[in-house]
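Report on the structure given below.
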Amino acid sequence: MPADFIRVLQPVVHYSFHFLVPGAIAFVFFRNQWKRAWLIMIGTMIIDADHLLATPIFDPGRCSIGYHPLHSYYAIAFYFILLLFPKTRIIAVGLLFHMFTDWQDCHWSAIVTHIK
């Protein structure tokens, strides 16, 4: 694939994974309350507030996973623990899918870097 196409496709996939795929996950796994579950999962985007602690705030070449405090491996382990409790399960799914989305974005960035 040409590098320019990948540069265009990366943010489309990234933001679709952040906003649209959680809706599908909510519909499949939390069907009785899928709209509420989707909104909660979208609400987990607040963890991106930890990007404000970085300088620069946005660096397209930086991988969030393992860099930002709420994207750390310790935080991710805590999000897995949240899966164990019914009251926090939807939040945990949203947080973990957010981490997955950011993790796959790191791989897109690596691909773009190697194509240059």
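Rule-based calculations on the coordinates, nothing more; no lab input. Everything quoted here is computed from the prediction, not taken from an experiment.
The HN-Hα couplings worked out from phi for the range 83-91 by the Karplus form 6.51 cos²θ - 1.76 cosθ + 1.60 (θ = phi - 60°) are 4, 6, 10, x, 5, 10, 4, 5, 4 Hz, whole numbers, x standing for Gly and Pro.
Name the most mobile residue of HIS68, HIS18, HIS98, meaning the one with the largest mean-square fluctuation, in a Gaussian network model of the chain with Cα contacts below 10 Å. Of HIS68, HIS18, HIS98, the most mobile in the Gaussian network model is HIS68. Potential lengthening of the chain between VAL28 and GLN104 amounts to 25.2 nm, from the contour at 0.36 nm per residue minus the alpha-carbon distance. At full extension, SER72 and LYS87 could sit 3.1 nm farther apart than now, given 0.36 nm per residue minus the alpha carbon distance. Rg and Dmax, both from the Cα atoms of the range 5-116 and both in Å, are 14.7, 47.
If you take the C-alpha gyration tensor of the range 49-93, multiply each eigenvalue by 5 and take the square root, what semi-axes do you get, largest first, in whole Å?
On the way: eigenvalues 132, 19, 12 Å².
Working through the eigenvalues yields semi-axes of 26, 10, 8 Å.
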